[in-house]
Amino acid sequence: MSERANGFRLRRFAGHHTHTEQASRIRVAHLTDIHVGAVTPYAVQRRAVDMTNQEKPDVVVMTGDFVCHSQLYLDQLEDVIQRFDAPVFAVLGNHDYWSGAKEVRRSLKRAGAEVLDNANTVVELGHERLQLVGVDDAYTGHASRERATKGMRTGIATVGLSHIAEEADGLWHDGVPLVLSGHTHAGQITVARLHELSVGRLVGHKYVHGLYGARHPEGVYPGAVYVGAGIGAAVIPVRIGERAKREITLFDLGEKPGSFDEPFGEAVPLPGRPPSEKTKARRHLRVAKKSTGRDSEAPGDPAK
């Protein structure tokens, strides 16, 4: 683990054991929840890009919540994405839908990122090939694993992207051995395991922060998921505890799990609690209301 300025942690892991048979070495940099906006200083996001570029990843993957609560900082988002030296692939999160998914997608694409909306793609990286499977935001009800995995190719190193980590349970059985995700911010306060209480037992997430599942063939689970602590914040920029530091993770696919020291190993998932139908309906309604509110605030056609 490397400690850097501004409270960042750079954490490096090996990929899944199947990747050792499918790649010699592919470095994947994972960032999540950058939350451009008033809560997180712009310098923090630029620092995250600089740190990422220093590690010379082959590809950068980002798992949602690019904005905070509005579209006022989309120019900053575009600047951040354009600064990466490696190709960028992304999936959206709940804040992106609340703020305007269409506009966030447009900014990401304009900056050169490829957005995987329930889709998969194969990236040619010199002599290596990497298959990325992107699941759209499950929190707001836009995820479709069936569409995301349709037409997947076999025999290629594969990594899944999902803002909500619980989508990994299904992706593993669909042939995606490693899933990267975000959303939780690691609880932002990780002393005395408060993050597991607040995000896990109270909110109902099985996966709060770090590695879960298994990367070895003899593991109990058919795959692994990593939940990143994120870069930004959506409410207050308070991060207390080692696990809650702003985080960039590197996954070296092709490296055998256990071949080098890692910050921590696979943890046991919490019991979890899937959202009720009432909760799902409330989340859908929130997206619809915010969309209607934006439409009503838009300037009218001057020709009318």
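Worth pointing out:
- Verdict on ALA267 being aliphatic (A, V, I, L, M), open to solvent by less than 20 Å² (accessible area, probe 1.4 Å) and touching a residue at least 40 places away in the same chain (Cβ under 8 Å): no
- Yes/no for GLY232 being in contact with a strand residue (DSSP E or B) (Cβ under 8 Å, 6 or more places away or on another chain) and outside any strand (DSSP E or B): yes
- Residue count for region 178-198, restricted to those that are open to solvent by 20 Å² or more (accessible area, probe 1.4 Å) and either among the aliphatic types (A, V, I, L, M) or at pLDDT 90 or above (or both): 6
- Residue within region 88-98 that is more than 15 Å from the chain's Cα centre (by Cα) and either small (Gly, Ala, Ser) or under 24 Å from GLN54 (Cα atoms) (or both) present: no
- The single condition among (1) crowded, with 20+ Cβ neighbours inside 10 Å; (2) part of a loop (DSSP other than H, G, I, E, B) that GLU247 does not satisfy is (2).
- Test: ASP117 is within 17 Å of the chain's Cα centre (by Cα), more than 30 Å from GLY155 (Cα to Cα) and not hydroxyl-bearing (Ser, Thr, Tyr): no
- Here GLU218, GLU277, GLU255, GLU262 are screened, and the one residue that is out of contact with any Lys or Arg (no Cβ under 6 Å at 6 or more places or on another chain), acidic (Asp, Glu), surrounded by 18 or more Cβ atoms within 10 Å (Cβ to Cβ) and farther than 30 Å from TYR73 by Cβ is GLU255.
- Pair list, Cβ under 8 Å, 6 or more apart: region 199-210 residue open to solvent by less than 10 Å² (accessible area, probe 1.4 Å), other residue modelled with pLDDT under 90 and acidic (Asp, Glu): VAL208/GLU196
- Looking across ARG294, ARG243, ARG283, ARG273, one residue alone is under 25 Å from the mean Cα position of the chain (by Cα), within 26 Å of SER99 (Cα to Cα) and modelled with pLDDT under 85. It is ARG283.
- Residues in region 106-128 that are surrounded by fewer than 17 Cβ atoms within 10 Å (Cβ to Cβ) and either assigned to a helix (DSSP H, G or I) or in contact with a helix residue (DSSP H, G or I) (Cβ under 8 Å, 6 or more places away or on another chain) (or both): 4 in all.
- Taking the numbered list (1) under 23 Å from LYS289 (Cβ atoms); (2) in a helix (DSSP H, G or I); (3) of a type in the set (Gly, Ala, Ser) in turn, ALA148 passes all entries but (1).
Yes/no matrix, rows are residues, columns are (1) closer than 26 Å to ARG239 by Cβ; (2) at pLDDT below 95:
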residue: PHE8; (1), (2): yes, yes
residue: ILE34; (1), (2): yes, no
residue: TYR42; (1), (2): yes, yes
residue: ARG47; (1), (2): yes, no
residue: ASP58; (1), (2): no, no
residue: VAL61; (1), (2): yes, no
residue: SER70; (1), (2): yes, yes
residue: GLN82; (1), (2): no, no
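The values are calculated or read from the model by the stated rules, or taken from the named source; none is laboratory data. Just so it is clear, the structure is predicted and the values come from calculations on it, not from any experiment. Heads up, the Cβs are rebuilt from the backbone with ideal geometry, glycines too, and the neighbour counts pull from every protein chain shown. To get the accessible areas, we keep the full protein, side chains included, count just its heavy atoms, and leave off ligands, DNA and RNA. Shrake-Rupley method; radii C 1.70, N 1.55, O 1.52, S 1.80 Å.
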